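Everything below concerns the one structure shown next.
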Amino acid sequence: MPQTTVDLIIINAQIYNSFSKKFIKNNLVVKQGKILYIGQNIQEFTSSQIVDAQNNYLIPGLIDIHMHIESTMATPQAFAHELARHGVTTIISEPHEIANVFGRVGVESMLTASENAPIDIFFGVPSSVPSTNSDLESTGGKITLEDLQILLKQPQVVCLGEIMNYIDVIYREQSKTLDLINYTKSNYPYLAIEGHCPRIGDVELAKMLFAGVHSDHTQQTVAGLIDRFLQGMFVEIQSKSLKADIIACIQEYQMYERLALVTDDIMADEFVSKGQLDKNLRKLIQLGIKPELAIYLATYTPALHIGWRDRGCLAAGKIADFFITDNLTELPILATYKSGKKIYDHTQEHIFSAKSLNFPAHFYQSVHCHPLTVQQLQIPVKTTAASVRCNVFELVADATFTQAKQADIPVKDGLLDWQASDFALALVLERHGRGQLQPALALVGGVCLQSGAIATTYAHDHHNLLAIGRNIPDLLFAVNRVIEQQGAYLAVLNETVLAEVPLPIAGILSPLSMPELALEVQALKQAFAQLGYAHKNPLMSLSTISLPVSPELKLTDKGLIEVKSQTILPLIVE
């Protein structure tokens, strides 16, 4: 019999078998971007490209089914080129950040900007834009039922993105969120509906499942994880949930078929220096999960959850996505292959040049604010007392949740003297051109900055202009600098910029390559530390000060939002 000509033959590899969850020494044959054969009888095939794996491990390309490209503040192309270095070959990005700025046009721009990327970039339709409603936050765009109907027809769209407004699902008989879920269930019954279910369980969790929500990716407790597992919810484990007690629970209940590793949000500097999904995979292994089981959770179970039959494992007929490593603990990526073609080699310099970004011209003029004035930061108080009681919130060191409290703040010359208190002043200024001129103000304590000011247009999820400062001059300088830059993330001390990340695309994205952006983000984090901001994940902590679906008390351009009740609280307690 004549030999079959193929595109690639890899010999002498320890190939991961998803069905036995074991490595088997074998050879792999690729034709037309797919695996043709895995086995010993490679004399049946001939190729001009034969690679000797030298007994190294060959692992399916990693699959991240819940993440947000915009969280790195990078463009899809820059993000994808960095993913190749980390063995990730498929992602699902949920672009609700840019949707909050430009609505469906923002989502479509991300689809366009992802074309011809070296890895497969799929998308979920943002279901919660805005994350709450227009009474609680102002956004530049919205995602409506009509938008959903249009976007679901795109071949790159493979799920309904995370249902963040669980209040609408659990406590309301009718809502836009329920309309989106019901349309998806009726017209795309096999499409995954992703969930965001922080700190809810028992009956409330059952109501989310009953409505049609399939998964949860938020930070887990042992009790919450068991509740989700026993109720049949698929759990997507991100880094902050990878703790010893969670790992012990996974092992005790043998949860391996109902879990997947995801990244959700990751900063550019951490991505470049430590990795993306590969970082979480290493962490899982180091916490005691066998590599063969850990790999399963980063390849096969995510593919099954989404309903993909063409990837997630190495077998005949599957897309030839894989990476090669020589160590199952540290997982150094020696080479990454996408559809049988090498897209990364650790021996070669990896360079990405962002020449064509494919974003509309008006995306570069998205900050519609007048310069801030001193008067806008002064808070009149009608009292003769030396202090007044205020609603405040405190940041905690290891989470993006806040703690709602009340505190006595001094009064001087008829004004709230917040600069003499233990709290910083936070503000959110509407920047989408909705006509609001006065910023919403709040007082923030805890692991917060001790001097200077920080300002950004990267504020989850509405992405209005968010700032926090210990004094008026620095706060004014920081805010007005961001307006002048048409989007940025910056730290200021003594009216001087300590570090700055320009974000000219929709006020949330940088045009730089990932390594270039990583250097800017690293410098910004160092500036945070210099100002006394002591959080483990400072940028995400600050950016979620304004996220009104994350407990307990948050600030939007509409005011202080009590998340559980979805009501606006006054700054000064009557």
- Among strands (runs of 3 or more DSSP E) lying entirely in the stretch 1-95, which contain 3 or more residues that are more than 30 Å from residue 462 (Cβ to Cβ)? 8-17, 22-31, 34-39, 50-52, 57-60
- Item | Residue satisfying condition, being charged (D, E, K, R) and surrounded by 22 or more Cβ atoms within 10 Å (Cβ to Cβ), within set 564, 554, 525, 558 | 554
- Query: Which residues, taken from the stretch 348-367, are at negative phi, in contact with a helix residue (DSSP H, G or I) (Cβ under 9 Å, 6 or more places away or on another chain), modelled with pLDDT of 75 or more and assigned to a loop (DSSP other than H, G, I, E, B)?
  - Reply: 359, 360, 366, 367
- Of the residues in the stretch 525-549, how many are farther than 19 Å from residue 101 by Cβ and within 19 Å of the chain's Cα centre (by Cα)? 6
- Taking into account only those residues within the stretch 417-442 that are more than 28 Å from residue 387 (Cα to Cα) and of a type in the set (Gly, Ala, Ser), which is farthest from the chain's Cα centre (by Cα)? 435
- Item | the stretch 314-347, residues that are in a loop (DSSP other than H, G, I, E, B), buried (at least 22 other Cβ atoms within 10 Å of the Cβ) and of a type outside the set (D, E, K, R) | 314, 320, 331, 340
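Mind checking whether some residue in the stretch 202-216 is of a type in the set (D, E, K, R) and in contact (Cβ under 8 Å) with a residue 40 or more places away in the chain?
No, the stretch 202-216 contains no residue that is of a type in the set (D, E, K, R) and in contact (Cβ under 8 Å) with a residue 40 or more places away in the chain.
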- Those residues of the stretch 536-562 which are in contact with a Ser or Thr (Cβ under 6 Å, 6 or more places away or on another chain) and among the acidic types (Asp, Glu) amount to 552, 557
- Flagged pairs (Cβ under 9 angstrom, 6 or more apart or on separate chains; first in the stretch 394-423, touching a residue at least 40 places away in the same chain (Cβ under 8 Å) and hydrophobic (A, V, I, L, M, F, W, C); second assigned to a strand (DSSP E or B) and loosely packed, with under 14 Cβ neighbours inside 10 Å) are 416/380
- Query: Cβ-Cβ below 6 Å, separation at least six or inter-chain, first residue in the stretch 462-477 and in contact (Cβ under 8 Å) with a residue 12 or more places away in the chain, second part of a strand (DSSP E or B) and hydroxyl-bearing (Ser, Thr, Tyr): which pairs?
  - Reply: 466/456
- Query: Is there a residue in the stretch 183-195 that is in a loop (DSSP other than H, G, I, E, B) and touching an Asp or Glu at 6+ places or on another chain (Cβ under 9 Å)?
  - Reply: no
- Query: Would the stretch 18-37 turn up any residue that is touching a residue at least 12 places away in the same chain (Cβ under 8 Å) and under 26 Å from residue 512 (Cβ atoms)?
  - Reply: no
- Task: Could you give me the residue pairs with C-beta distances under 7 Å whose first residue belongs to the stretch 235-253 and is within 19 Å of residue 282 (Cβ to Cβ), whose second residue is surrounded by fewer than 18 Cβ atoms within 10 Å (Cβ to Cβ) wherever it lies, and which are 6+ apart or on separate chains?
- Result: 242/287; 244/287; 246/222; 247/287; 247/288
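The values are calculated or read from the model by the stated rules, or taken from the named source; none is laboratory data. Source: prediction; values computed, not measured. With ideal geometry, Cβ positions are generated from the backbone for all residues, glycine too; neighbour counts draw on all protein chains shown.
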